[in-house]
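Q: Pasting a structure below so you can have a look.
The values are calculated or read from the model by the stated rules, or taken from the named source; none is laboratory data. On a predicted model such as this, the values are computed, not experimentally measured, just so you know. Virtual Cβ from ideal backbone geometry, glycine too; neighbours counted across all protein chains shown. These accessible areas exclude ligands, DNA and RNA; they are computed on the full protein's heavy atoms, side chains included. Shrake-Rupley method; radii C 1.70, N 1.55, O 1.52, S 1.80 Å.
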Amino acid sequence: MAQKKAKNIAEPLKDLVALCKRRGFIFPGSDIYGGLTATFDYGPYGTELLRNIKNEWWKTFVHQREDVVGLDSSIMLHPDVWKASGHIASFNDPLMDCKQCKSRFRADSYFEERGMGEGLDLAATVELHNKHQTELACPDCGTRGQLTAPRQFNLMFKTRMGATAERDIEVFLRPETAQGIFINFRNVTDSCRVKIPFGIAQIGKSFRNEIIARQFVFRTREFEQMELEYFCQPGTQEQHFSHWLDYCMQWLKDMGLRTENLRIRHHEKEELSHYSDATADIEYQYPFGWGELWGIASRTNFDLNAHQSLSGKNLDYFDAEKNERYLPYVVEPALGVNRLLLAILSDAYVVENPGAEQRTVLKLHPRLAPVKAAIFPLQKKDGLGEIARKLYLELADFFPVDFDQTGSIGKRYYRQDELGTPYCITIDYETRDDETVTVRDRNTTEQQRMPLSAVKHFLLEKIFSRDTGISL
Ligand code: ATP
């Protein structure tokens, strides 16, 4: 069924959203059928950006850590996993619908925001609804007395698994990747030479039937997560929690996010989940305001304990050095890939010299840029096209390269600036004579002449060396 296009794209994101569509980063989902609310498809450049983000994360959180290994678990897990994790019991929010405009929203937030109570459960919201029914106004259309009684709404997507209607079972699409890690804890310790403290990392899709999905890819119902569960000895969690908070923050800065757009928010005691002894969010200042980017939670041994109890399988760990058995504690940094992509794009989006000379540029970190270099033969003819193709093939062996031989050089630069391509290389008539090319820097727009044979080395050094020397 075709649905209305998402109407909630915040005004401050308008220009970025337009650029994402115009330049093939992100398209509205099911576009030709009129869209499907809050779903998005990643175009050719968005796909490269997503891959780069995930590869950089994997490199820093798995490859460069002797104490972290990777995992790729299923999206559909045994239904008991969600019983043990508490998702079936607690992933429920009370909701009200407006009979007039059909919008749906959380009943507890509705009453809390109006100072009518705090920490309200379903029963409390129903009572408030019954008492004040005729005065209650819809937050969207303002109509009074048209709100339905609050009902429980589970955020997990359900589906059925099995070939025949009689024998199939109800399963859920995972709302987080973490539980796939916990249920494989024993498999990993039995098969790999891991010693506590160590972590298991995973990247994968998660699904939540969010009541309100909005702000572009900030909150969607299908999204990707990069999660790490770091298992440690009970009593040491505080030190690991603070290590991971610093480590995550440093990585965001290394990926080019501006320090002034990042902050840490420690959760107050009352706000902590019942199983957590410390939680902090790294927040990012999106164009629409501050929002959670990365949640870092010290989760005690709640999950392993719950899975051990329900599955009946022993999940404790034998610490050979200490000669003791215990159920490890865990520290979890959990990050949304798409939320990070939005932060990276917002941070990189710059409009210079507004007016006639205006230039829109995505100042992406070169490692994240979807395309690392673009090659422009000044003309297709006179042998310039062939030289350019040869360079294209040489570079494409190492990283993605664009090839563009149409329009003025200025227009070609304009397009690559909007794609965030760090370098453009022009092959002109001089190249034929002395085998030199012009290399143009995206950030400074300065051009330098260098031997054709030096281009590959120059780009590899500039894009991939630890210190790129590039000011973003
Ligand atoms: P929020 O309070 O914003 O709903 P959360 O606290 O429920 O987020 P977690 O369960 O901690 O989120 O998930 C870890 C990370 O996954 C979040 O920090 C965020 O980056 C990402 N994430 C969670 N829900 C969504 C979503 N609906 N769309 C996109 N990313 C999401």
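Q: With contacts defined as alpha carbon pairs under 8 Å and 6 or more residues apart, what's the relative contact order of the chain in percent?
A: Reported relative contact order: 12 percent.
Q: Here's another thing I want to ask about it. Determine the per residue accessible area of the chain with all protein chains present and a 1.4 angstrom probe, expressed in square angstrom.
A: Values: 23060 Å² over 472 residues.
That works out to 49 Å² per residue.
Q: Taking R0 as 45 Å, what's the FRET efficiency between residue 165 and residue 192 from their Cβ-Cβ distance, rounded to 0.05?
A: On the way: r = 41 Å, r/R0 = 0.91.
Efficiency at R0 = 45 Å is approximately 0.65.
Q: Taking a cut-off of 22 Å between Cα atoms, list the lysines near residue 99, but don't count ones fewer than 8 places away on the same chain.
A: 4, 5, 7, 131
Q: Please report Rg (one decimal) and Dmax (integer) in Å for the Cα set of the chain.
A: Looking at the chain, its Cα Rg and Dmax stand at 26.0, 87 Å.
Q: Would region 168-326 count as rounded, prolate or oblate if I go by the C-alpha gyration tensor, calling it rounded below 1.5 in a/c and otherwise prolate when a/b exceeds b/c, oblate otherwise?
A: Because a/c hits 1.5 or more and a/b fails to exceed b/c, region 168-326 counts as oblate.
Q: Test of understanding: express the Cα radius of gyration of region 303-412 as a ratio to 2.2 N^0.38 Å, with N the residue count.
A: 2.02
Q: Give the relative contact order (percent, whole number) for region 252-394; include only Cα pairs under 8 Å separated by 6+ residues. Walk me through the intermediate numbers first.
A: Values: 173 pairs, mean separation 23.7, N = 143.
Answer for region 252-394 is 17 percent.
Q: Order the following by accessible area, largest value first: 73, 453, 273. Probe radius 1.4 Å; ligands, DNA and RNA are ignored.
A: Descending order: 453, 273, 73.
Q: Given a 1.4 Å probe and the protein chains all in place, what does the accessible area of residue 423 round to, in Å² to the nearest 10?
A: 10
Q: Same structure, new question: Just the Kirkwood number for region 92-154, please: inverse of mean 1/r across all distinct Cα pairs, in Å, one decimal.
A: In region 92-154 this quantity evaluates to 11.3 Å.
Q: Give the lysines whose C-alpha is closer than 24 Å to that of residue 363, dropping any in the same chain fewer than 8 places away, or say none.
A: Result set, ordered by chain and number: 14, 21, 54, 59, 253, 372, 411, 456, 462.
Q: Ok, one more. Taking H as built 1.01 Å from N, whose amide H comes closer than 5 Å to the amide H of residue 206, not counting residues under 5 places away?
A: 223, 224, 225
Q: Could you pull out the GluC sites (Glu not before Pro) across region 116-162 that fall in loop regions by DSSP (anything but H, G, I, E, B) with no more than 10 other Cβ atoms inside 10 Å?
A: 118, 135
Q: Setting aside same-chain residues fewer than 8 positions from residue 83, which aspartates and glutamates have a Cα under 15 Å from its Cα?
A: 170, 176, 303
Q: Take the alpha carbon gyration tensor of region 413-470, find the square roots of its eigenvalues, order them as a ≥ b ≥ c, and report rounded if a/c is under 1.5; if not, report prolate when a/b exceeds b/c, else oblate.
A: oblate
Q: Next up: Specify whether the C-alpha gyration tensor of region 346-472 places it in the rounded, prolate or oblate class, a ≥ b ≥ c being the square roots of the eigenvalues: rounded for a/c under 1.5, otherwise prolate if a/b is larger than b/c and oblate if not.
A: Values: a/c = 1.92, a/b = 1.30, b/c = 1.48.
Oblate shape, in that a/c is at least 1.5 and b/c is the bigger or equal ratio.
Q: Within the chain, what percent of beta bridges assigned by DSSP are antiparallel, to the nearest 5?
A: Counting DSSP beta bridges with both partners in the chain, the antiparallel share is about 85 percent.
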